[in-house]
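The values are calculated or read from the model by the stated rules, or taken from the named source; none is laboratory data. A quick note: this is a predicted structure, and the numbers were derived from the prediction, not measured. Cβ atoms come from the backbone with ideal geometry, glycine included; neighbour counts cover every protein chain shown. Ligands, DNA and RNA are stripped out before the accessible areas are found, and what is left, the full protein with its side chains, is counted by its heavy atoms. Shrake-Rupley method; radii C 1.70, N 1.55, O 1.52, S 1.80 Å.
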Amino acid sequence: MQRAQPAPSKSKSQRKEKTPPEVPNIIVDNERNIQYEKGKFLGKGGFAHCYEITNKASGEVLAGKVVPKHLLVKQYQRDKMAQEVQIHRNLSHRNVVKLFHFFEDRLNVYITLELCPRRSLMELHKRRKAVTEPEARYFTYQVVEGVLYLHDLKIVHRDLKLGNLFLNDELQVKIGDFGLATTVETDERKRTLCGTPNYIAPEVLNKMGHSFEVDIWAVGCILYILLFGHPPFESKTLEETYSRIKHNNYTIPTSASSTSSQLIRQLLHPDPERRPIAKAVIRDRFFKTGFMPDRLPVSCLTMIPHFNDNGVAEGNEATSESTDQNPTQKDFNRNSNAPTHRISGNTERERAHRMAVEATFRQPTDCYLSQLHAQVEELLLKASTDIDEREAALETYQSPEALPIFWISKWVDYSDKYGIGYQLCDNSVGVLFNDNTRIVLDTAGNQLTYIEKNNKEHYFNMEHATPVSLKKKITLLQYFRSYMNDHLLKAGERVSQRAGDDLARLPTLRVWFRTKSAIVLHFINGTVQINFFT
Ligand SMILES: Nc1ncnc2c1ncn2[C@@H]1O[C@H](COP(=O)(O)OP(=O)(O)OP(=O)(O)O)[C@@H](O)[C@H]1O
């Protein structure tokens, strides 16, 4: 909730995890006579633990921020919390988290908030690192809209950072956590040192007094991180980071567009007086000239979207890569069950090429396997520790539903001849062919993606002509689809469609193998699925 003096952060192993507050399963707001059922843990900050809570009467699901009273013993702590609520409760804007109510019981103080189920831009950044320019434009524009609203009300947020930019189910940005917010008069300069090291403005460090311009600086940091995958002044030590901020020592990659680099330079101007005000930022050429999607698919939380005819990299001529012989639907009615073990072909040239292509798409070359390894290792270490530690571990690994998880709900192993065909949980279908090319048809049966073995992607619409060179593979895909529809039961729940899904890149199967007891499937977005045969 507040960080008066930035301090070097402790490593995970050094940090003593806070005991979670004692929270009753039924939380009662006596004043309004509302009962909330406590749901799953959403996350925690310096002071607060946050849970999903359901209004028992209306069924409405909200976020409940819980601060134990024993953390509010000092008067200044109570004043701080009162100020946060006082500022936040009067706000109403689509890009600001809505605060509904504020109440207390014997143990805790509670704040009910609009639920942001897709977590924050911090988690998106951890998974994706840099995002595409249209996505950066989409997110940053909404942040600036929220900031403009706040500044018009003479409120400075003072802690804008990816972790305080929450996302709802529509992936709309919602500015939250008003723990450091303050109101200022036009010429007033605040003196208290606050902020988060990587986003702190030079005038705060130089103790020159600060105001609205610190939020503009933070927007510059946010845009920079979204576009380039790391903070502009990041370094190994806090001292060095502060020194870089004071000397305005950062570089913009040469690959950046001219409109983005110009805007970043203005936002990160060392002289606060020369930074643009929010109203000017929103009218900047960066937002006016490039493509800005009006919605994004939830899959962009883990995977780069594709912007059809509008924007990012995509080729459209597929090379001919033939399958060994002409397939017929009849073949599919005798399903092969020979055990198989397939790993991608790996000549040096292919590998180098694939790495170059993957770098373009900015996904780790090992499709997140090393991250998975580190997480499993950490989880195993945590397994035997106490409840507090488990709660802390939960914070990191919780809420798979906050991520757009795709899984395979049906598959046909026909790798003795063609490859493996599968249906994803959203009813889209794909084939990983034996020659390591992949094909995916979306749920509606319109959008076809073909991926060469070097990972180059091609998009086609089934209503228009598809290349002759792909005829055989498309026919096979259709045979796989019919076979799965006619013969196999679907595993797992249905997934509903939403606006923006047409911009999603569906994850494709990368590698798979079977053992006697299970099939292991690894997707290009890092998801690993294991189905046990028993
Ligand atoms: N509206 C919300 N919807 C969903 N999750 C939320 C919401 N608000 C907060 N959270 C979760 O709870 C965590 C803690 O909330 P918040 O950051 O506001 O607490 P804090 O103690 O004020 O934190 P900090 O020390 O970072 O300022 C967040 O990191 C996030 O995971």
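For the reader, a short list of remarks on this structure follows.
- Selection over the range 42-86 of residues that are within 13 Å of the ligand (Cβ to nearest atom) and either in contact (Cβ under 8 Å) with a residue 24 or more places away in the chain or among the hydrophobic types (A, V, I, L, M, F, W, C) (or both) gives a count of 27.
- Some residue of the range 281-293 being out of contact with any helix residue (DSSP H, G or I) (no Cβ under 8 Å at 6 or more places or on another chain) and among the polar types (S, T, N, Q): no
- Tally, over the range 231-249, of residues that are surrounded by fewer than 13 Cβ atoms within 10 Å (Cβ to Cβ) and under 18 Å from residue 133 (Cα atoms): 0
- Residue identified as in contact with a Ser or Thr (Cβ under 8 Å, 6 or more places away or on another chain), open to solvent by less than 40 Å² (accessible area, probe 1.4 Å), aliphatic (A, V, I, L, M) and within 30 Å of residue 293 (Cα to Cα) among 216, 225, 252: 252
- Single condition residue 474 does not satisfy, out of (1) among the β-branched types (Val, Ile, Thr); (2) within 16 Å of residue 431 (Cβ to Cβ); (3) over 33 Å from the mean Cα position of the chain (by Cα): (3)
- Odd one out for residue 192, checked against (1) away from the ligand (no atom under 16 Å from the Cβ); (2) over 26 Å from the mean Cα position of the chain (by Cα): (1)
- Considering residues of the range 201-213 that are outside any helix (DSSP H, G or I) and surrounded by fewer than 24 Cβ atoms within 10 Å (Cβ to Cβ) only, the residue modelled with the highest pLDDT: 212
- Scanning the range 60-92 for residues that are in a loop (DSSP other than H, G, I, E, B), open to solvent by 40 Å² or more (accessible area, probe 1.4 Å) and not polar (S, T, N, Q) yields 60, 73, 74.
- Qualifying residue in the range 264-271 (condition: at pLDDT 95 or above and open to solvent by 70 Å² or more (accessible area, probe 1.4 Å)): yes
- Qualifying residue in the range 153-170 (condition: in contact with a Gly (Cβ under 7 Å, 6 or more places away or on another chain) and more than 9 Å from the ligand (Cβ to nearest atom)): yes
- Test: residue in the range 105-118 that is closer than 21 Å to residue 164 by Cβ, more than 9 Å from the ligand (Cβ to nearest atom) and part of a helix (DSSP H, G or I): no
- Residue check, residue 527 open to solvent by 40 Å² or more (accessible area, probe 1.4 Å), modelled with pLDDT of 75 or more and of a type outside the set (Phe, Trp, Tyr): no
- Output for the range 119-144, where each listed residue is outside any helix (DSSP H, G or I) and among the hydrophobic types (A, V, I, L, M, F, W, C): 130, 131
- Top-ranked residue in the range 159-200 [being open to solvent by 30 Å² or more (accessible area, probe 1.4 Å) and hydrophobic (A, V, I, L, M, F, W, C); ranked as modelled with the highest pLDDT]: 166
- The residues of the range 119-131 that are within 14 Å of the ligand (Cβ to nearest atom) and in contact (Cβ under 8 Å) with a residue 12 or more places away in the chain, listed by number, are 119, 120, 121, 122, 123, 124, 125.
- Pairing residues of the range 235-264 that are in a helix (DSSP H, G or I) with residues that are open to solvent by 40 Å² or more (accessible area, probe 1.4 Å) and at pLDDT below 95, at Cβ distances under 7 Å and at least 6 apart in sequence or on separate chains, gives 238/8; 241/198; 241/234; 246/206; 259/289; 260/133.
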